[in-house]
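None of the figures in this text is laboratory data; all of them are computed from the coordinates on show. Please read these numbers as outputs of a predicted model, since none were measured by experiment. Quick reminder, even Gly has a Cβ in these numbers, built from the backbone with ideal geometry, and neighbours come from all protein chains shown.
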Amino acid sequence: MSSVSPTQIAYLGAEPILVAVDCIVFGFDGSKLKLLIFKREVDPLAGRWSLIGSFVKKNEGITEAASRVLSELSGIEDIYMEQLHCYGNPQRDSGARVISVAYWSLIKVDPNRTNFHIKNHISTWIDIDAMPGLVLDHSKMVIMAINRLKERAMHKPIGFELIPEIFTLPQLLNVYEAIFQRDIDDRNFRKKIMKSGLLIKTDYKDKSTSKKGSFLYKFNDKRYKELSEIGYNFEI
């Protein structure tokens, strides 16, 4: 009779626990910070609004699982994404014992694409200040992600992840006002952003709002990568 080692006994005696990833997806529509939410397809709480997520596959890393969900969702491979928090309350999901690792991400909102359909999930963009009650602990995840976004925006130039490649200074200001959910002094903002070295002025103007028009800028990719790594103080 083969003997069973203490290690085998420990592993065989452990209770199986499911691991999931949940993704908080933020976007910007030109004036408001948006959150992408989905109609839950399975019980418990089928038909209620939720974040998009997935169980982690057997041979898949946790970050790899989150990247897979976002790639399937958007069709984009290189999306800004950060791990947020691990949620492990034993009662958080009445369907099973599930530990969820939450990730938050930023994507550019395409005005021609208001809905996403991933494996038949119905989705919609909503204003973050009009968020409905979400299933499980997803509302807590969103609140924590909003606070993390504000913290990151103070020290890393992540606002550029939410706007087109070419933009005006007023458009960039709108992004940061949406992130911080308050008015920002225009002159102080322009002074700080120009001093950062993040912008490259183009020879083109946006004349959609006035005859004089506003100069269009693009971000300095090299400087962006530098500040993304070392950080900076962008108190405004």
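Taking the number of other C-beta atoms within 10 Å as the exposure measure, put His155, His138 in order starting with the fewest. If you can, show how the numbers build up before the last one.
Values: His155 15, His138 24.
Ordered from fewest to most neighbouring Cβ atoms within 10 Å, His155, His138 come out as His155, His138.
In the chain, which helices (entire DSSP H runs) extend 20 Å or more along their own long axis, judged by Cα positions, while averaging at least -1.0 on the Kyte-Doolittle scale? Working shown, then result.
Values: long enough: 138-155 (26 Å, -0.26).
Flagged H segments are 138-155.
Please give the residues of the stretch 137-156, grouped as numeric ranges, whose backbone N is less than 20 Å from a label point set 7 Å along the Cα-to-Cβ vector of Leu45.
137-147
Working out 0.36 nm times the residue gap between Arg190 and Ile126, then minus their Cα-Cα distance, what length gain in nm do you get to one decimal?
That works out to 20.2 nm of additional length.
How would you rank Glu235, Glu177, going from fewest to most other Cβ atoms within 10 Å of each one's own Cβ? Could the numbers behind the result be given before it?
Numbers: Glu235 7, Glu177 18.
Listing Glu235, Glu177 from fewest to most nearby Cβ atoms yields Glu235, Glu177.
Would you kindly state how much longer the chain becomes between Tyr204 and Glu72 on full extension, computed as 0.36 nm times their sequence separation minus their alpha carbon distance, in nm to one decimal?
44.0 nm
Determine, for Lys192, Lys58, the number of other Cβ atoms within 10 Å of each Cβ, and report the residues in order from fewest to most.
Ordered by Cβ neighbours within 10 Å, fewest first: Lys58, Lys192.
Express in nm, to one decimal, how much length is gained between Ser214 and Lys58 on full extension, taking 0.36 nm for each residue of separation and deducting their alpha carbon distance.
50.9 nm
Run lengths n ≥ 4 of DSSP H only: what is the helix-derived mean residue ellipticity at 222 nm for the chain, with -39500 (n - 2.57) per run over all residues, to the nearest 500? Numbers along the way, then the final one.
Details: 6 runs with 71 residues, N = 236.
So the calculated ellipticity at 222 nm is -9500 deg cm²/dmol.
How much net charge surrounds Asp137 when only other residues with a Cβ under 12 Å from its Cβ are counted (Lys, Arg +1; Asp, Glu -1)? Don't skip to the answer; put the middle values down first.
Numbers: positive: Arg92, Lys140; negative: Asp22, Asp93.
Charge balance near Asp137 sits at 0.
Within the stretch 69-108, what residues put their amide N at less than 18 Å from the label point 7 Å along the Cα-to-Cβ vector of Ile17?
Counting only backbone N, you get 84-103.
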